[in-house]
1. Per residue, how large is the accessible surface of the chain? Use a 1.4 angstrom probe and give square angstrom.
2. Restrict the search to the chain; then list the chymotrypsin sites (Phe, Trp or Tyr not before Pro) that DSSP places in a loop and that have at most 15 other Cβ atoms within 10 Å of their Cβ.
3. Can you give me the % of accessible surface on the chain that is carbon or sulfur? Probe 1.4 Å, all protein chains present, nothing else counted.
4. Along each of its three principal axes, how wide is the spread of alpha-carbon positions in the chain, in whole angstrom units, largest first?
Amino acid sequence: MVGAVIPSAGAQIMAIAIMISTFGCINGMVLAGARAFFAMAKDGLFFRGATSINRAEVPGKALFMQAV
């Protein structure tokens, strides 16, 4: 559809839109995954260290565990 409106830049515009969408999805998945580790640790189902929150009120250890 974009290619019909702007034939020369349609592919580039769609590629940029796909990249923005992908990065947004990855951002949400990373942050939600760390919160899941945090909640599991508070319930005693995961490592106790994942319950700590840093001074920015973010579960930093859980983010690190997810990265590993």
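The values are calculated or read from the model by the stated rules, or taken from the named source; none is laboratory data. As the structure is a computational prediction, the values presented were derived from the model and not from experiment. Backbone-built Cβ (ideal geometry, glycine too); neighbour counts: all protein chains shown. The accessibility values were calculated without ligands, DNA or RNA, using every heavy atom of the protein model including side chains. Shrake-Rupley method; radii C 1.70, N 1.55, O 1.52, S 1.80 Å.
1. Result: 78 Å² per residue.
2. F47
3. 70
4. The Cα atoms of the chain stretch 56, 23, 18 Å along the principal axes, largest first.
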